[in-house]
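Okay, structure first, notes after.
The values are calculated or read from the model by the stated rules, or taken from the named source; none is laboratory data. Keep in mind it's a predicted model, so treat the numbers as computed, not measured. Here the Cβ is made from the backbone with ideal geometry for all residues, glycine too, and neighbour counts use every protein chain on show.
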Amino acid sequence: MSTDQSAAKPYRATAFADFKPELSAPGATPERLEHLKEHGFLIINDFENSPWIPILREAGRRVTEACAPANGYSKIDCSKAYVHRTGDDEPWAIRGLIHPAFKESSFAEFHGSPEFLNFVASWCNGLGPEDMVMGGMLLWCNPKLRENGPSWHRDVTWWGTGAGYFAQREVRGEGPEAYTEEIERIRWKEIQENNEKLTTERNGVSMFLALVDDECHELIPGSHKRWRTPYEHDVLLPQAMKDAGVPYTPSWNGKDPLPGQVAIRLKPGQALIRNGATIHTGHAVPERERNTLSIGWSKWSGEFTGEPSVADVRNAWQLDPAVREGLPHEWMKTTWDRWAVTQKLGDTLEDRYPGFDINRIKAGEVIGWRTELERQAAAAGEAWEPYQTAK
């Protein structure tokens, strides 16, 4: 949801969660794990004094400015990445930071730095580069024109078959039968079983690392481990399913604070570790800078013997061999290999780009991967159909 700031005061959260000094001991201490298990989130201070923070802060600012819609591809060829944009085409999340096209080597260098690896090892039972697979990274920023949010959700699929989100062809169970309470209860049992693994096995870690003061991430503490309320059901249920007749109790007007919600308030160098099953949202306003890095590593599951699947459009850019060659360590290239062998590039524009880039291609620009697909689509213009492939 976007709110016209000319008709409303700048948004400010009604309640906050701050770092707790009693949780200062580094790594996965019993106290930290208990807090994460109980509340569904944890704020850590392990990077407060890191020399990387000011370096990454300035790099983040340069990237955010370069991705402004007025710049097109003149400062950064962001068609080689994936930029989430508002209806005004302003960036609110930027993927592709480690692509050489961004010319900001500090992101990859920090990702593979001893400091960050030491934290990963301390959190993930000694996990080291020899057992890692390529992890994700993106930059959260805020638009300058309009408020962005809220969009309350869980990061887990609580409906249908439980299959993961696939951005270019989202499948939400294909009908109201996927949203019955019976199906939802089955998915919820699976979610609870996975919750236990997240805190006990810890086969990876992902965090929101603040480079400036940040209060844009809001969540409902404890919502990861309890059944949703009727009010929350109204918040989470897609409008299409409401229109299709899925029973729900109309409760929310689309803008009021949710019962129990808090904004996570981070200082530079503090980070949020969160259980994805929490009910949460981003909420950014033009008056306050957001410059927060989402970053992590995961444990490799071993040699891949299956068939590669079409990469999620949000990650398709990472298949570019230039990404691999730009990584600062050989072991990072190995983690890329482990990820890339499981993926393949899709053969439609929707498999490769967000709407901003697709519109530019249809306007006649051959950008991004610059293959026959992009050339034919640029030549066809608006006649190019959704999900059309090259001839």
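Key figures
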item: Leading residue by the ranking (surrounded by the fewest Cβ atoms within 10 Å (Cβ to Cβ)) among those in the range 29-44 that are of a type outside the set (D, E, K, R) and over 21 Å from HIS217 (Cβ atoms); result: PRO30
item: Flag for THR292 being under 24 Å from ARG187 (Cα atoms) and of a type in the set (Ser, Thr, Tyr); result: no
item: Matching residues, the range 207-242, being modelled with pLDDT of 95 or more and either part of a helix (DSSP H, G or I) or among the β-branched types (Val, Ile, Thr) (or both); result: VAL212, ILE220, THR229, PRO230, TYR231, GLU232, HIS233, ASP234, VAL235, LEU236, LYS242
item: Cβ-Cβ under 6 Å pairs, at least 6 apart or on other chains, the range 268-284 side farther than 15 Å from SER24 by Cα, far side hydroxyl-bearing (Ser, Thr, Tyr) and buried (at least 20 other Cβ atoms within 10 Å of the Cβ); result: THR278/SER223; ILE279/SER223
item: Among (1) part of a loop (DSSP other than H, G, I, E, B); (2) touching a residue at least 24 places away in the same chain (Cβ under 8 Å) - the single one ARG338 does not satisfy; result: (1)
item: Qualifying residue in the range 50-66 (condition: surrounded by 14 or more Cβ atoms within 10 Å (Cβ to Cβ), in contact with a helix residue (DSSP H, G or I) (Cβ under 8 Å, 6 or more places away or on another chain), modelled with pLDDT of 95 or more and assigned to a loop (DSSP other than H, G, I, E, B)); result: yes
item: Close pairs (7 angstrom Cβ cut-off, 6 or more residues apart or separate chains): within 16 Å of GLY346 (Cβ to Cβ) and basic (Lys, Arg) in the range 159-185, surrounded by fewer than 14 Cβ atoms within 10 Å (Cβ to Cβ) and modelled with pLDDT of 95 or more anywhere; result: none
item: Answer from GLY254, GLY204 - the residue that is surrounded by fewer than 21 Cβ atoms within 10 Å (Cβ to Cβ), small (Gly, Ala, Ser) and closer than 21 Å to PHE16 by Cα; result: GLY254
